[in-house]
1. Past the 22 Å Cα-Cα mark, which pairs from K185/K211; K98/K211; K123/K330; K123/K192; K63/K98; K279/K330?
2. Given a cut-off of 19 Å, what percent of all Cα-Cα pairs of the stretch 143-256 lie beyond it?
3. Using a 10 angstrom cutoff on alpha carbons, build the Gaussian network for the chain and name the most mobile of D319, D117, D243.
4. Could you pull out every one of the aspartates and glutamates with an alpha carbon less than 13 Å from that of K88, ignoring same-chain neighbours closer than 8 positions?
5. In debye to the nearest 20, how big a dipole does the chain give about its Cα centre with +1 on each Lys and Arg Cβ and -1 on each Asp and Glu Cβ?
6. Remind me, what semi-axes does the chain give for its equivalent ellipsoid, largest first in whole Å, using sqrt of 5 times each Cα gyration tensor eigenvalue?
7. For K24, list the aspartates and glutamates whose Cα falls under 14 Å from its own Cα; do not include residues on the same chain fewer than 8 positions away.
8. Per-residue counts of other Cβ atoms within 10 Å, averaged by peptide: what ranking do you get for 41-48, 223-230, highest first?
Amino acid sequence: MSNPSVLILPGDGIGQEVMAEVRKIITWFGDKRGLNFDVSEDLVGGAAYDKHGVPLADETMAKAQEADAVLLGAVGGPKYDDLDFSVKPERGLLRLRKEMDLYSNLRPAQCFDALADFSSLKKELVAGLDIMIVRELTSGVYFGEPRGIFEEGNERVGINTQRYTESEIERAARSAFELAMRRNKKLCSMEKANVMESGILWREVVTEVAKDYPEVELSHMYADNGAMQLVRAPKQFDVILTDNLFGDILSDCAAMLTGSLGMLPSASLGAPMENGRPKALYEPVHGSAPDITGQGKANPCACILSFAMALRYSFDQGDEATRLEQAVEKVLADGVRTGDLMQSDGGTPVSTSEMGDAVVAALEASL
Ligand code: NAD
Ligand code: IPM
Ligand code: MN
């Protein structure tokens, strides 16, 4: 049997730097755990635009459709700010999500004990935190029509449309309930049913889906209150289900509960393919971080932990995923940290590459 295939799309800025560390981890799993992958690499975002004039070439899209898993770094950067909207780096990532139909975006926010002091919240509020945000990823205001900038009388109007069908809500909700069943059986759905019709429908459909999961305790919250509750008492949540835009914002917010945006991984999953695996793309929640690009300062943990999610959700290697997560935790507990996780008063940060080496060393020590 051939090895499972992994397509690596490092993208732009620190995406390339953090992905280099993931490559070391992939090599280690091949050498030491007999987990071999057919790895190929291609371009996305600004890097693809520079070569092809588009942020995702059709051939790359086709490769992504075929791959057992796609690993993406990050896209975007100031160099591309003035490009036409249709070829901006971010459009490449959105095309991947849409055409692979990756409707369920899992964004876990876990606060490792060693980092409880680094959150912008008090330690006792975040210590032991383990929540999972499920963000609908292929619809809503990101993709709704009509959209555009139009002339209206003597001025212009910018339009985006929040649009959700029942089936789009239902499949995202099912994925969240399934996750809740494997966790603490608590699900909080966030929308704004008080001001948006799409929110009313969202709440109705989620309530209907809940009938198939009687063991799961379902609650509903307006998303603005949800944002407040996330920073007031985040440990009240287990699984949070929300739409594309609210999920984007709430997950960045949740990132700071864990200490740094450089810690947050994600998995974007579609429906199961014939082989039973979901179509899948794994990426850190953070972006290309132009302010620190090229300085060896980026924290590779979010990207490394995204690969751990790939081991778990695409390759049925839950134990090896846990091994990798524990290796990251061990390195942090030993005080090895990149600059985003340093207190202002002390310690010398390690570089991106030193952090990756430390994780490999911790993996080695786990044998
Ligand atoms: P960003 O996530 O790139 O950076 C926000 C802040 O967090 C910066 O100060 C950055 O230095 C810091 N940061 C982010 N990741 C880090 C890491 N791994 N280690 C240490 N520090 C880290 O967000 P932004 O500045 O708003 O966006 C920059 C570009 O990235 C934009 O073009 C945006 O569209 C794009 N973006 C892409 C993705 C993606 O590819 N999935 C996600 C978000 C933003
Ligand atoms: C994210 C990013 C993306 C989004 C951008 C880069 C398209 O912010 O993955 O969180 O808005 O979804
Ligand atoms: Mn975002």
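Laboratory data are not the source of any read-out in this text; all were calculated from the coordinates shown. Everything numeric in this text was worked out from a predicted model, so none of it was measured. Positions of Cβ are generated from backbone atoms using ideal geometry, with glycine treated the same way; all protein chains shown enter the neighbour counts.
1. Numbers: K185/K211 14 Å; K98/K211 29 Å; K123/K330 19 Å; K123/K192 30 Å; K63/K98 15 Å; K279/K330 31 Å.
In this structure, K98/K211; K123/K192; K279/K330 lie more than 22 Å apart at Cα.
2. Working: 3226 of 6441 pairs.
So the portion of pairs separated by more than 19 Å is 50 percent.
3. Maximum among the listed residues: D319.
4. Of all the aspartates and glutamates, those that pass the test against K88 - Cα under 13 Å, at least 8 places apart if same chain - are D12, D50.
5. On the way: 37 positive and 57 negative charges, 121 e Å.
In debye, rounded to 20, the chain gives about 580.
6. Numbers: eigenvalues 180, 131, 96 Å².
With the √(5λ) rule applied to the chain, the semi-axes are 30, 26, 22 Å.
7. Partners found: E354, D357, E364.
8. Numbers: 41-48: 23.0, 223-230: 17.6.
The peptides rank, most packed first, as 41-48, 223-230.
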